[in-house]
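Undergrad: The structure under discussion is supplied below as structure tokens; questions concerning it will follow.
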């Protein structure tokens, strides 16, 4: 198998061109105006699986966007790997901050710039190409099943039902997912934990119409001021979240776990320089690595209300809105946290306003084991191709579906992602390293090989 | 003069049609995209003055939008009234909340619906038509000068220079302005005080780019959360403004003044019902009438940042913005308050963010006397046409120019406005009563008559 790198190098241009074709489809699941594009993307994923040699490829309808399934069963006695990924992407806004258009992929400084390049089209397509490579070169040592969904960025709300209804078809030995990042290209790491998510939209209504701030100002509640006060009150001066019961289910890390986490390579001065910030900021008593990987958060993701155009308008608006998300850590339930938020937020509203809290999707936090065959196979594969043993690392993001794999299918997941935290995956100028893309295609066949060996040796 | 009402009635349809033509011009001064419309409006004002019989009518250029001047000098021994108004209007946003388009005037339920109908085109045009009426019927007992500007809604920043440069041309005995409201159609009132204004835009920058809230959330300052906390901290739990020095120059009202103010007809339950609010809200220790007329305020007029589209996006944004205005009361200086705000706001920014405060226009608060000839003439005119003596009442809005008239021209102003607080003047569905429009045209000639008589009698 020493010629895998050679094969990848020889085909790299084609691998890139085929990915570019997928990146040109604006499959934004959050915004209904992209609906036909998302559906077109599902077709493209299907075609790519068929072309790579997958069988029983099918676009499986759901009440939302479809799930693309495909498989290659070479021997039912061999272990089966279920590959999961998603073909939908985040909205590209704000468009004006992109250096090049989000759906016209280009390579600059060794990076592929496009919405979805890292999250998750580039990482999904590594698996399709690695599968093709193994099949064409007689290197496939396991059965493979692909399940690529189109609603990850909006909460995967139809996936649980799909899992329930397809338990037999999805039978496997483990789930392999590339939708996370490594510490650095020369510090490979494997994600062993993900935060969960609770996401709400709030609407604060003051007077029944926009008013003149001179005539009414000072006499009635201004919903923007009130919203700001309510949001500010959700954290105390230590930036501890003040929603009653919020931390009740949090499992605190042991000192040993904290020490291990904090021993990962991390330079706070470099982090500050890279983000151009005067200082880091977060919950008192925790390091930056702890804050972003092991502590729950509360962030306003969007806020709007009143006059936001050019110049000055002295309006006292009727309404103000915010989108607020909370990242959750192991043992916190997204439904429970959403309910606690809603109850608390409604309770702190002054009499001069009405408040509505609308929950969006949520997701469970997960921790993956480091002593499983799949983790060890992934670690050995990365060691082979990177020349360095990967570090187990907690990630701050959320892939709610990982909890469902365990709960519904009884399967453990290994999160072998090849992105970097600096890929700007939900931001303008999202990019994915050409190095990372090709290194992923090269590494995946080793995962299959080592996994098959480990399973055979029990 | 008992036939004035008769003349107004006979011409009412024409008066309305001519006003409608002016209301169709979207003369929004705050937004550069309306520039040609604002200039077109200046032409229309000029034409209307010429048509009414004014002389030396001129569009006077300024570095911003022009000021339209016109006059009728019948006898230099007679007193001269300087009529001030503005032909620019507030932005019409949010457009979707208008029942009918903002620049297509219609009459519904006795009201003229259009942006600018009450503020201030309708009220300015009353003066043009009343002047025409007096001239055509030999009823003009004073000299008249018109000065109609196009930048009132953006701070009248070129008017002071115009006053300085045109002291001789603008020589007069008093200034007459209709740009305020009465308590009710059956409770006529004259505005005797206006709040000043300080208006700033703030920009809070966290990281140098939008980030993934899962990867970075909890570790770096979120500029929206920080902006909310900073805004919330600007008031204490009694809704007292906590900017150091903010109240230093405020002249507190005497108990007698407060009692007089609070004796004005006002039903808090009706006020709550009309605005559909559960309760009023404002500074502790003051009544609603005091809060909206005699106390300084701090209102957020607009706020924006992060993802505000459909669905959920887990972004940790780079920037958040707000437009914040403070209404000021007599003796507070807009420049000083803006400076206090800026200094304070910058001082409370945590190290994780950068803050920029950009001042917009400001305006001085004013109090007008009730013992002047012009006030007494206005009161007697309204008594004549409404059949009821008007109440002196403080208004919450701002007409910064009133302070300049006194400072630069040495002239006192009488604020004889015919609008109502419920006219929604800076909101969707701005309207002006047909009754109020025609009653204004009818009342103005009496003002001129009584003013001439009072001046003659010393």
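Undergrad: Considering each residue of region A:405-437, count those that are in a helix (DSSP H, G or I) and either crowded, with 21+ Cβ neighbours inside 10 Å or within 14 Å of another protein chain (Cβ to nearest Cβ) (or both), and give that number.
TA: Residues meeting the conditions: 6.
Undergrad: Given the structure, is residue B:440 under 27 Å from residue B:91 (Cα atoms), buried (at least 21 other Cβ atoms within 10 Å of the Cβ) and touching a helix residue (DSSP H, G or I) at 6+ places or on another chain (Cβ under 7 Å)?
TA: Working: under 27 Å from residue B:91 (Cα atoms): yes; buried (at least 21 other Cβ atoms within 10 Å of the Cβ): yes; touching a helix residue (DSSP H, G or I) at 6+ places or on another chain (Cβ under 7 Å): yes.
Yes; evaluated as a whole, the condition is true for this residue.
Undergrad: Please go through region A:144-165 and pick out each residue that is part of a loop (DSSP other than H, G, I, E, B) and touching a helix residue (DSSP H, G or I) at 6+ places or on another chain (Cβ under 9 Å).
TA: Initially, region A:144-165 is screened for residues part of a loop (DSSP other than H, G, I, E, B), giving A:150-151, A:155-158.
Once the filter is applied, which keeps residues that are part of a loop (DSSP other than H, G, I, E, B) and touching a helix residue (DSSP H, G or I) at 6+ places or on another chain (Cβ under 9 Å), region A:144-165 yields A:150, A:151, A:156.
Undergrad: What number of residues within region A:45-68 are surrounded by 20 or more Cβ atoms within 10 Å (Cβ to Cβ) and either in a loop (DSSP other than H, G, I, E, B) or on the phi > 0 side of the Ramachandran plot (or both)?
TA: Result for region A:45-68: 3.
Undergrad: What about residue B:59, is it touching a helix residue (DSSP H, G or I) at 6+ places or on another chain (Cβ under 9 Å) and without any contact (Cβ under 8 Å) to a residue 24 or more places away in the chain?
TA: In short, yes.
Undergrad: Moving on to the next point. Identify, please: which residue in region A:108-143 is over 23 Å from the mean Cα position of the chain (by Cα) and part of a strand (DSSP E or B) and is, among those, surrounded by the fewest Cβ atoms within 10 Å (Cβ to Cβ)?
TA: A:108
Undergrad: Out of all the residues in region B:312-324, is one or more without any contact (Cβ under 8 Å) to a residue 40 or more places away in the chain and either more than 21 Å from residue B:422 (Cα to Cα) or surrounded by fewer than 23 Cβ atoms within 10 Å (Cβ to Cβ) (or both)?
TA: Yes, region B:312-324 contains a residue that is without any contact (Cβ under 8 Å) to a residue 40 or more places away in the chain and either more than 21 Å from residue B:422 (Cα to Cα) or surrounded by fewer than 23 Cβ atoms within 10 Å (Cβ to Cβ) (or both).
Undergrad: Tell me, which residue of region B:85-100 that is surrounded by 15 or more Cβ atoms within 10 Å (Cβ to Cβ) and part of a loop (DSSP other than H, G, I, E, B) is farthest from the other protein chains (Cβ to nearest Cβ)?
TA: Only one residue fits best here, namely B:87.
Undergrad: If a residue has to be farther than 19 Å from residue A:215 by Cβ, out of contact with any helix residue (DSSP H, G or I) (no Cβ under 8 Å at 6 or more places or on another chain) and within 14 Å of another protein chain (Cβ to nearest Cβ) to count, how many in region B:244-268 make the cut?
TA: 2
Undergrad: Now for a separate question. Take residue A:375 and decide whether it is more than 23 Å from the chain's Cα centre (by Cα) and surrounded by fewer than 23 Cβ atoms within 10 Å (Cβ to Cβ).
TA: no
Undergrad: A further question follows. Is it the case that residue B:82 is surrounded by 21 or more Cβ atoms within 10 Å (Cβ to Cβ), in the same structural domain as residue B:425 (by TED's automatic domain parsing) and in contact with a strand residue (DSSP E or B) (Cβ under 9 Å, 6 or more places away or on another chain)?
TA: Judged against the criteria, residue B:82 is a match.
Undergrad: Counting only residues that are in a strand (DSSP E or B) and facing chain A (nearest Cβ under 9 Å), which one in region B:201-243 is modelled with the lowest pLDDT?
TA: Per the criteria, the residue is B:212.
Undergrad: When region A:279-294 is examined, which residues are found to be within 7 Å of chain B (Cβ to nearest Cβ) and assigned to a helix (DSSP H, G or I)?
TA: Passing the criteria: A:288, A:291, A:292.
Undergrad: Can you go through A:276, A:272 and tell me which one is within 26 Å of the chain's Cα centre (by Cα), surrounded by fewer than 19 Cβ atoms within 10 Å (Cβ to Cβ) and either at the interface with chain B (Cβ under 7 Å from one of its Cβ atoms) or at positive phi (or both)?
TA: Values: A:272 fails: either at the interface with chain B (Cβ under 7 Å from one of its Cβ atoms) or at positive phi (or both).
After applying the criteria, what remains is A:276.
Undergrad: Just to check your reading of the model, which residue among A:359, A:350, A:330 is modelled with pLDDT of 95 or more, assigned to a loop (DSSP other than H, G, I, E, B) and surrounded by fewer than 22 Cβ atoms within 10 Å (Cβ to Cβ)?
TA: Checking each option against the conditions leaves just A:350.
Undergrad: Within region B:381-393, identify whether any single residue is more than 14 Å from chain A (Cβ to nearest Cβ), touching a residue at least 12 places away in the same chain (Cβ under 8 Å) and under 19 Å from the mean Cα position of the chain (by Cα), and answer yes or no.
TA: Within region B:381-393 (the criterion being more than 14 Å from chain A (Cβ to nearest Cβ), touching a residue at least 12 places away in the same chain (Cβ under 8 Å) and under 19 Å from the mean Cα position of the chain (by Cα)), the answer is yes, since at least one residue qualifies.
Undergrad: Kindly provide the set of residues from region B:1-44 that are touching a helix residue (DSSP H, G or I) at 6+ places or on another chain (Cβ under 6 Å), within 14 Å of chain A (Cβ to nearest Cβ) and either closer than 12 Å to residue B:437 by Cβ or not in a loop (DSSP other than H, G, I, E, B) (or both), ordered by number.
TA: Matches in region B:1-44: B:28 only.
Undergrad: Let me ask something additional. Within region A:177-200, track down each residue that is in a strand (DSSP E or B), more than 16 Å from the chain's Cα centre (by Cα) and either buried (at least 24 other Cβ atoms within 10 Å of the Cβ) or away from chain B (no Cβ under 11 Å) (or both). Spell out how you get there, then give the answer.
TA: The first filter runs over region A:177-200 and keeps only residues in a strand (DSSP E or B), leaving A:177, A:181-182, A:184, A:187, A:189-194, A:196-200.
Of the ones still in play, those that are also more than 16 Å from the chain's Cα centre (by Cα) are A:184, A:187, A:189, A:200.
Correct list: A:184, A:187, A:189.
Undergrad: Pick out the one residue from B:297, B:308 that is buried (at least 22 other Cβ atoms within 10 Å of the Cβ), in a loop (DSSP other than H, G, I, E, B) and in contact with a strand residue (DSSP E or B) (Cβ under 6 Å, 6 or more places away or on another chain).
TA: Going through B:297, B:308 in turn, the sole match is B:297.
Undergrad: Next up: With respect to residue A:106, determine if the residue is closer than 25 Å to residue A:401 by Cα and at pLDDT 95 or above.
TA: no
The values are calculated or read from the model by the stated rules, or taken from the named source; none is laboratory data. Computed from a predicted structure; not experimentally measured. A quick note on method: Cβ atoms are made from the backbone with ideal geometry, for glycine too, and the neighbour counts reach across all protein chains shown.
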